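The values are calculated or read from the model by the stated rules, or taken from the named source; none is laboratory data. Just so we're clear, the structure is a prediction, and the values are computed from it rather than from any experiment. Every residue, glycine as well, gets a Cβ built from its backbone with ideal geometry; the counts of neighbours run over all protein chains shown. Only protein heavy atoms, including side chains, enter the accessible area calculation; ligands, DNA and RNA are left aside. Shrake-Rupley method; radii C 1.70, N 1.55, O 1.52, S 1.80 Å.
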Amino acid sequence: MARAGNHVTVIARPMSARLQQLRRDNGIVTVTGERADVQIADVLDEETPYDLIIVTVIDYQADAVLPALQRSAAKSIQFMFVSFEPERLRDAVGAERCSFGMPFVQAMIDKDGKLKPTISKSQKTIMSEQRWVDVFSAAGLPAAHEPDMPLWLRCHVPLCIGFESVAVAGERRGGGASWGEAKLVARGVKESFALIKGLGYPVYPKSKVRLSGLPIFILTFMLWMFSRVKSMRELLATGKEECKALIDRMVEAAPRAKPAINVSRIEAIRPA
């Protein structure tokens, strides 16, 4: 975004190692030596009327920054993470300036704080507002408009926890989840889709409708195979805390489901 000519400020947690790395490098540096010059801060300047604030923390971590976002003079705030209850975020900052997105960019930071990004043209970051799709696309980040981003995010939660849970199991075994572990996760994924429908929401989009209807054996096989892809397993195993937090959100919502669901199947895939 910065190299495309946008004025970018990166906010890192106070006293964090990442903040120290960013200040040391005076910007973002990739493993290949490319750099992007950005402003670096450890707190949100609530008086600055930013055109856009992109919030990229994990869902449960957003609660800590919501008060500052509410007070912020920013014109638009975009939450870019999986959420089972996106409406609470929208209500917190105001529907008129809230938008949602899901970034399809694979990235890791090495021990020296260097970024290793993988941006695929076959996978597009999706967002709820076309104007931000245009900004991302102009910066070389493939993007597309999604008309019902809140529902898309909610219905992505079953897949998110499924892949993260099986990745954690695979990392624990050092080479892939067992068939029994993959089957346990598959049952949890199926029950998570049942919860969404029990709360009165349709499964969306069509690709997730098809996934939610797969037989347990096929879903188990998909998860079992996925856990054996080392690069993806290592990447998604880093989402252990996100997985646990999303499952906790679903368990809290489960009593409202009609008909009742077997919440123990969802709880069973929560990483220890």
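Here are a few things to note about the model shown:
- Leu89 passes every criterion in (1) open to solvent by 50 Å² or more (accessible area, probe 1.4 Å); (2) part of a helix (DSSP H, G or I); (3) under 19 Å from Glu146 (Cβ atoms) apart from (1).
- Selection of region 33-45 for residues being assigned to a loop (DSSP other than H, G, I, E, B), out of contact with any Leu (no Cβ under 9 Å at 6 or more places or on another chain) and modelled with pLDDT of 95 or more yields Val43, Asp45.
- Residues in region 202-252 that are farther than 20 Å from Pro86 by Cβ, of a type in the set (S, T, N, Q) and open to solvent by less than 40 Å² (accessible area, probe 1.4 Å): Thr220, Ser227.
- With respect to the conditions (1) in contact with a strand residue (DSSP E or B) (Cβ under 8 Å, 6 or more places away or on another chain); (2) under 22 Å from Gly140 (Cβ atoms), Gly5 lacks only one, and its number is (1).
For every residue, the table says whether it meets (1) among the aliphatic types (A, V, I, L, M); (2) closer than 30 Å to Ala92 by Cα.
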residue	(1), (2)
Met1	yes, yes
Gly5	no, no
Ala12	yes, yes
Leu19	yes, yes
Leu44	yes, yes
Ile53	yes, yes
Tyr60	no, yes
Ala64	yes, yes
Ser72	no, yes
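- If you go through region 92-109 and keep only what is surrounded by fewer than 16 Cβ atoms within 10 Å (Cβ to Cβ) and of a type in the set (Gly, Ala, Ser), you end up with Gly94, Ala95, Ala107.
- Residues in region 63-84 that are part of a helix (DSSP H, G or I) and at pLDDT 95 or above were compared, and the one that is surrounded by the most Cβ atoms within 10 Å (Cβ to Cβ) is Leu69.
- Filter result for the condition that a residue is open to solvent by 50 Å² or more (accessible area, probe 1.4 Å) and closer than 21 Å to Thr125 by Cα, over Thr56, Thr30: Thr56
- Within the option set Ser231, Ser227, being free of Cβ contacts under 8 Å to residues at least 24 places away in the same chain and on the phi < 0 side of the Ramachandran plot holds for one residue only, Ser231.
- Strands (runs of 3 or more DSSP E) wholly inside region 115-187 that include at least 1 residues being surrounded by 21 or more Cβ atoms within 10 Å (Cβ to Cβ): 125-127, 143-145
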